[in-house]
Structures are given as structure tokens and as C-alpha cells.
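Here's the structure, in C-alpha cells; my notes come after.
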Amino acid sequence: MRLIFLGPPGIGKGTVADRIKDKYNLTKISTGDLLRENVVNKTKLGIDAQEYMNQGKLVPDELVIKIVEEKLKGMNNYILDGFPRTIVQAQELKKFAKIDQVINFTAKDETIIDRLSGRRICPKCNTIYHIRNIPPKKPGICDKDGTKLIQREDDKPESIKKRLKVYQNQTKPLVAFYNKKNILVNVDTDKPLPEIVDNTINVIGLKR
Ligand code: AP5
Ligand code: MG
């Protein structure tokens, strides 16, 4: 099963992917996580990408396409979280992967802004928390490995505004792009997380 999780920043793509991937043996491939790892490790890609990410802009297509193409070699069961994000990326993806389904997550703007501004992540294992909605057992500490949680550089108010605009201009056109191919389904995320997870599982038709 080859899936794309599509939707605006902060809607919960990563959170839902983490809750269904192991059960169904899917690998979550988050371009955001991959890029952030490169930033931390100060690779050439990380250095090139950092400025775009901090400002809430998209990293240039050619850089992102290269890492995804490399990553997908020999893989058949995955969730692409945060890729593609432009029509160019979607057209390139077609050349090296056959996607079965696109899940398009939707929510009200207020929900998205609340989720982004309260998000905290573990810089070591990438587990995603929210200070109120999905808090860790011990405030500020990752449940899994005890690492101190951080706020993403791009979760500051100015970057959030920019990212939502970038989504409208560059990523939202993908909804129509995949709709035309009859492989897109919508999942409303203005609901409690367990319900969203169940609805996602139902629409992708995975057996429970
Ligand atoms: P990326 O890391 O992909 O960020 P994004 O798409 O902006 O999405 P987010 O990770 O912010 O949100 P999400 O939908 O995963 O939500 P989450 O599960 O964390 O990309 C970052 C940057 O990298 C981009 O801006 C760009 O610069 C670059 N980049 C990445 N891919 C690229 C590409 N393909 N092309 C070019 N550039 C690229 O949840 C959010 C919060 O809500 C969390 O706190 C969570 O705990 C909480 N939450 C989730 N679900 C619920 C719920 N149901 N109820 C209550 N709270 C919830
Ligand atoms: Mg994410």
C-alpha cells in the first residue's frame, strides 16, 4: 500500500501516520523529519534547506524530490507525509512510484493554528506532542526516551502565517490534481484523535 497524507501544516498528518503505521507495516516517510535531521547533522542538504524551512517556505523541488526518490527505492508499503507539496513534485513522483490512495485531511483554520502553536516534538525520536491536547506524561519530556522536548523553529507565529499561505498557493492545488485521478478521499480532523484514526483506517480500507 502506497499512501500520501495531504493537508495543511499542523493538521495532524504526522500524528495519524504514527498511530497507524506499525499496525499495518507501513513506513512513515516525512520529508519534514528527513530535512530536520539533515539540519541537525549539518549536511549540505540541511544547510541549503534550513533558511527556507525557518521562514516557512518550501525547500526547492529538486532537493526534496531527490531525497524521496532515493528513499523509496525498493519500498512498497509506505505513507508519504508532507510529499508531494507542489504540482512539480507530484508529476515527478509519478515517474518513480505508483500511489494507491491520497488521504486529504481537513480542519478549520482555528484548529490548525491551535495545533501548531501548542506542538512540541522530541528532537531525538520525532514523537509529536501538544501541550494541552496530547501532552507527555511529564511536562516537557519525551515519554519514549526522556529527551527534553522542543518547539519547532517554524512553529513561531510569523512562520505559521507564512506556511498557511504557502499551503494555499502551492500545495492545495494537489487536491484537485489527485481528485481528477479518483484516488483522493477526505478525512475531517475537527474531531477527537481516536475518531480520526478510525476514520482514516476505514477510508483506506485496511483490515483491523
Ligand atoms: P513538515 O514537517 O512536513 O511540516 P508541515 O506539512 O507544515 O506539517 P506539520 O508537520 O507542521 O503538521 P502535521 O500535519 O504533521 O501535524 P502534526 O501531526 O505534527 O515540513 C516542514 C518544512 O519542511 C516545510 O515548511 C518546508 O520548508 C519543508 N518541507 C517538507 N516537505 C517538503 C516538500 N515536500 N517540499 C518542499 N519543502 C518541504 O500535529 C500538529 C499538532 O497538533 C501536534 O501538536 C499534535 O500533537 C496535535 N494534534 C494532532 N492531531 C490532533 C487532534 N486530532 N486533536 C488535537 N491535537 C492534535
Ligand atoms: Mg508533520
Reported set for region 78-96 where residues are in contact with a Lys or Arg (Cβ under 9 Å, 6 or more places away or on another chain) and surrounded by fewer than 19 Cβ atoms within 10 Å (Cβ to Cβ) is Phe96
Going through region 157-192 in order, the residues found to be part of a helix (DSSP H, G or I), of a type in the set (A, V, I, L, M, F, W, C) and under 16 Å from the mean Cα position of the chain (by Cα) are Ile160, Leu164, Val166, Leu174, Val175
When region 1-47 is checked residue by residue, the ones that are more than 11 Å from ligand 1 (Cβ to nearest atom), over 17 Å from Val203 (Cβ atoms) and touching a residue at least 24 places away in the same chain (Cβ under 8 Å) are Asn25, Thr27, Val40
Exactly one of Leu72, Leu45, Leu58 is under 21 Å from Gly14 (Cα atoms) and in contact with a Leu (Cβ under 9 Å, 6 or more places away or on another chain), and that residue is Leu72
| Got at least one residue in region 126-138 being assigned to a loop (DSSP other than H, G, I, E, B), touching a residue at least 12 places away in the same chain (Cβ under 8 Å), among the charged types (D, E, K, R) and under 29 Å from Asp190 (Cα atoms)? | yes
Restricting region 113-122 to residues that are under 29 Å from Leu72 (Cβ atoms) and in contact with a helix residue (DSSP H, G or I) (Cβ under 7 Å, 6 or more places away or on another chain), the one farthest from ligand 1 (Cβ to nearest atom) turns out to be Leu116
Within region 185-202, residues touching a strand residue (DSSP E or B) at 6+ places or on another chain (Cβ under 9 Å) and either within 16 Å of ligand 2 (Cβ to nearest atom) or among the β-branched types (Val, Ile, Thr) (or both) come out as Val185, Val187, Thr189, Ile196, Thr200
Only one of Ile4, Ile20, Ile47, Ile11 is within 17 Å of Lys71 (Cβ to Cβ) and among the hydrophobic types (A, V, I, L, M, F, W, C), namely Ile4
Original post:
Can you find even one residue in region 88-109 that is within 13 Å of ligand 1 (Cβ to nearest atom), more than 21 Å from Asp33 (Cα to Cα) and in contact with a strand residue (DSSP E or B) (Cβ under 9 Å, 6 or more places away or on another chain)?
Top reply: yes
Thr15 passes all but one of the listed conditions (1) within 14 Å of ligand 2 (Cβ to nearest atom); (2) modelled with pLDDT under 95; the exception is number (2)
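The values are calculated or read from the model by the stated rules, or taken from the named source; none is laboratory data. On a predicted model such as this, the values are computed, not experimentally measured, just so you know. Please note: Cβ atoms are built from the backbone with ideal geometry, for glycine as well, and neighbour counts cover all protein chains shown.
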